[in-house]
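The values are calculated or read from the model by the stated rules, or taken from the named source; none is laboratory data. The structure presented is a predicted model; accordingly, all values stated were derived computationally and were not measured. Cβ placement follows ideal geometry from the backbone for every residue including glycine, while neighbour counts extend to all protein chains displayed.
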């Protein structure tokens, strides 16, 4: 199988008035061809710098980047990488079709313009001028521009920002269909439910390092906590926090929500003390809980 993405020992330091800032501190990531991988982390985790080095927009101070067996610049030149980044806009005073056609002319073997517009759900907007598009429509146009070269790898930074629920669902349906053809996707998002639902695996960064890498089910299992929810109007939170295994107690209306490291012990004692508790639910940690626990215990760096 052809080599996909190989990031090895990446380091990048920026100069600042307050001294050097280590934005990326030894990142190792491999992505196989055909994988869909979510790159997650809080602001300042080093995601943007890592993506810039992957695309050849910045050079690492140490380490190496390989895309399909060669430097990223070669893959970009051949049209094998499409990127949809947060920075930048779209050219004004062109129709949607004109802009996509113009971008297609830059590459050796692009997709047909009408096919690209259909994949991006823009076929009904082909003759609209770009400055007349809504925020979500502009995002779909930026996706079309990234896709028109028929790349093997698409790098998407916050791709669904500004899209409504229906557009987001249609976007991810397209990503799923394209992934079945062997295309590789690396996307960064703050919508953790998107990573949980659509990524084959997630790479979680914090403080310039990779702190977790694997299927989201495995990342959620790292946390080891469970959430207990029950209807219990009158129980004081101070008493609930003293139950065995409970690490946090919250009240939401008549319901209580307990985070527990030992849900069996917590639930047994809860029912002993409060037999009137009802509508009880126990669930494993979500990706949000894992995200907060794995990224929130040290200072962040700028990236």
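Being without any contact (Cβ under 8 Å) to a residue 60 or more places away in the chain and either in the same structural domain as residue 145 (by TED's automatic domain parsing) or assigned to a loop (DSSP other than H, G, I, E, B) (or both) is not true of residue 28. All but one of (1) in the same structural domain as residue 38 (by TED's automatic domain parsing); (2) farther than 30 Å from residue 12 by Cβ; (3) in contact with a helix residue (DSSP H, G or I) (Cβ under 6 Å, 6 or more places away or on another chain) hold for residue 197; which doesn't? Residue 197 satisfies every listed condition except (3). Which members of segment 245-267 meet the condition of being surrounded by 14 or more Cβ atoms within 10 Å (Cβ to Cβ) and outside any strand (DSSP E or B)? Those that are surrounded by 14 or more Cβ atoms within 10 Å (Cβ to Cβ) and outside any strand (DSSP E or B): 245, 261, 262, 263, 265, 266, 267.
Does segment 67-106 hold any residues that are under 16 Å from residue 6 (Cα atoms), in contact with a helix residue (DSSP H, G or I) (Cβ under 8 Å, 6 or more places away or on another chain) and not in a loop (DSSP other than H, G, I, E, B), and which are they?
The first filter runs over segment 67-106 and keeps only residues under 16 Å from residue 6 (Cα atoms), leaving 67-76, 80-81.
Filter again for in contact with a helix residue (DSSP H, G or I) (Cβ under 8 Å, 6 or more places away or on another chain), leaving 67-68, 72, 81.
Once the filter is applied, which keeps residues that are under 16 Å from residue 6 (Cα atoms), in contact with a helix residue (DSSP H, G or I) (Cβ under 8 Å, 6 or more places away or on another chain) and not in a loop (DSSP other than H, G, I, E, B), segment 67-106 yields 67, 72, 81.
With respect to being over 15 Å from residue 157 (Cβ atoms) and part of a helix (DSSP H, G or I), residue 51 falls outside the description. Screening residue 33 on (1) over 28 Å from residue 296 (Cα atoms); (2) surrounded by 17 or more Cβ atoms within 10 Å (Cβ to Cβ); (3) modelled with pLDDT under 95 shows it passes everything except condition (2).
Only one of 199, 188 is at pLDDT 95 or above and surrounded by 19 or more Cβ atoms within 10 Å (Cβ to Cβ); which?
Values: 188 fails: at pLDDT 95 or above.
Answer to the check: 199.
Within segment 250-274, residues that are without any contact (Cβ under 8 Å) to a residue 24 or more places away in the chain reach partners that are in a helix (DSSP H, G or I) with beta carbons closer than 8 Å, at six or more positions or on different chains, in the pairs 250/237; 251/237.
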